[in-house]
1. If you take the residues of the stretch 116-147 that are closer than 29 Å to V221 by Cβ and either outside the structural domain of V19 (by TED's automatic domain parsing) or touching a Phe, Trp or Tyr at 6+ places or on another chain (Cβ under 6 Å) (or both), which of them is modelled with the lowest pLDDT?
2. For the stretch 289-311: of the residues being surrounded by fewer than 19 Cβ atoms within 10 Å (Cβ to Cβ) and touching an Asp or Glu at 6+ places or on another chain (Cβ under 8 Å), which is nearest to K371 (Cα to Cα)?
3. From the list S150, S181, pick out the single residue that is surrounded by fewer than 16 Cβ atoms within 10 Å (Cβ to Cβ), among the hydroxyl-bearing types (S, T, Y), modelled with pLDDT of 90 or more and in the same structural domain as T58 (by TED's automatic domain parsing).
4. Consider the stretch 368-412. How many of its residues are of a type in the set (S, T, Y) and assigned to a loop (DSSP other than H, G, I, E, B)?
5. Of all strands (runs of 3 or more DSSP E) completely enclosed by the stretch 83-197, which ones contain at least 2 residues that are free of Cβ contacts under 8 Å to residues at least 60 places away in the same chain and either closer than 16 Å to L28 by Cα or among the hydroxyl-bearing types (S, T, Y) (or both)?
6. Quick one: in the stretch 363-395, which of the residues that are of a type in the set (G, A, S) and loosely packed, with under 15 Cβ neighbours inside 10 Å is nearest to S335 (Cα to Cα)?
7. Test of understanding: among G262, G238, G314, which residue is exposed (fewer than 13 other Cβ atoms within 10 Å of the Cβ) and either in the same structural domain as I365 (by TED's automatic domain parsing) or modelled with pLDDT of 90 or more (or both)?
8. For the structure I just gave you, tell me whether S225 is small (G, A, S) and surrounded by fewer than 15 Cβ atoms within 10 Å (Cβ to Cβ).
Amino acid sequence: MSALAKSAVSGGRPKVAVVGIGRVGLPLAAVLSGHYETIGVDVDSTVVERVNTRALFTEPGVDGLISRFGLKATSDFREVKDCQVIFVCVGSQAPGKGYSSERFLNALRQTLPQITTKEQLLVITTTLPPLELKDQVVPLLEADGVGSRSAGYCYNPAMIALGRAVADFERPSFLMIGESSQGAGARLEAFWRGIVPDLRVFRSSIVDIAVAKYALNVALVLKISLLSFLTELCEKEGSDIDVITEILKAEPRVAGPKMFRGGLGYGGTCFPVDIEAARHESEKLGIPGFFPEAIEKLNDWQVERSVQLISGTGKEKVTVLGLSFKPDTDVVVDSQSLMVARQLAKKGIKVTVYDPEAMNNARAILGDEVKYAASAREAISSGELVFIGVEWSEFANLRGKDFRQDQIVIDPWRLLGSDPPAGRYVPYGASS
């Protein structure tokens with residue numbers, strides 16, 4: 001039985017600490033105080049005094065929770081020693097503007113000596129870059145030995161919006177847990193389910209969750225930036241942004257699950273032309289064209305990075321499966337897979353290609369720069385490296401046994417993930 005469960009049975013309340021009671025940590029501590037005995041810890045004596053004297057705070061809902069449940073605060077890190085779950089929620093914003101982990105690391109170093117028993121769980125809530133977590137924070141924790149002398153540690157980034165932080169902590173849409181061990185992750189999940197029983201939980205490695213947190217923020221920023229761009233475009237064009245957004249919300253590729261699929265970039269007869277047109281239209285209307293220009297550059301980079309990855313292996317014979325710009329069409333206009341094949345051939349690499357439908361259209365562009373196979377298996381047999389550039393169902397039906405053990409298989413769409421080849425398998429967006 002966990003320490004949390006034991007405390008509940010005995011009638012006591014588990015003790016929890018939130019280190020860093022700023023804009024995010026204070027609402028977290030206030031919400032937790034309604035369920036567990038909670039103490040806030042902060043080096044800022046002014047904040048500590050304001051909590052203890054029940055001064056008013058701007059964040060909605062915080063004052064009521066502090067008054068109702070009697071949250072207490074201190075600057076003495078020794079108070080953490082009796083806590084079973086310790087959240088470190090110190091901000092990562094440098095004075096003025098910018099990122100700095102200095103305050104977080106200082107608080108973490110003061111917290112670690114207070115974690116001495118197997119009944120304690122360390123939880124990092126501060127948003128940190130994946131590389132910093134991987135290369136600096138986790139090595140610090142491992143060197144300290146906190147993972148072996150305690151219940152472990154987790155990365156549990158806050159998914160809240162200021163102005164509604166209390167509501168977001170009380171009823172989050174979902175929870176992300178990066179765990180040092182399955183036991184640590186299970187314990188933190190149980191802790192949160194004591195507050196929200198039907199909570200949807202994603203548990204994975206600490207790096208996975210760090211990347212997911214940044215992915216969510218980037219997606220939100222891109223959405224805001226897109227709407228800012230469209231708002232100004234509507235003003236210049238004499239259009240109505242609210243009409244435009246209603247139409248966007250009706251398209252499942254924009255507002256639904258189909259929006260999210262990792263792989264190569266876009267091509268075809270519409271998107272490249274429309275993005276270029278959007279850039280020209282913006283310039284004519286006096287709107288800076290850097291938003292559509294950035295999209296074009298990011299899309300072009302997908303071809304370049306694929307070519308760099310393939311040519312970097314040193315393989316002289318490469319098979320490219322798929323030449324259309326997407327499956328179930330013979331259109332090859334601006335096909336990223338076809339561009340990869342062409343650039344590899346120009347580097348002197350012997351390229352063999354195959355596509356279920358687009359061979360004739362591809363031949364008109366590639367000419368005799370490449371060799372053409374009559375089937376996927378024929379194409380695979382000739383390559384030291386196989387690049388699956390288009391997510392045709394024919395390629396998804398391939399199995400690991402269809403590839404040689406000495407081959408490298410690069411699979412941007414992760415079509416073979418359930419039955420990967422025996423050789424080196426490189427799926428985009430996943431560890432290989």
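1. Filtering the stretch 116-147 for residues that are closer than 29 Å to V221 by Cβ and either outside the structural domain of V19 (by TED's automatic domain parsing) or touching a Phe, Trp or Tyr at 6+ places or on another chain (Cβ under 6 Å) (or both), the one modelled with the lowest pLDDT comes out as T126.
2. E296
3. Answer to the check: S181.
4. Residues flagged as of a type in the set (S, T, Y) and assigned to a loop (DSSP other than H, G, I, E, B) within the stretch 368-412 amount to 2.
5. Answer list for the stretch 83-197: 121-124, 153-155, 175-179.
6. By that ranking, first place goes to A364.
7. Going through G262, G238, G314 in turn, the sole match is G314.
8. Yes.
The values are calculated or read from the model by the stated rules, or taken from the named source; none is laboratory data. Just so it is clear, the model here is predicted, and its values are computed rather than measured. When we count neighbours, we look across all protein chains shown, and the Cβ atoms used for this are built from the backbone with ideal geometry, even at glycine.
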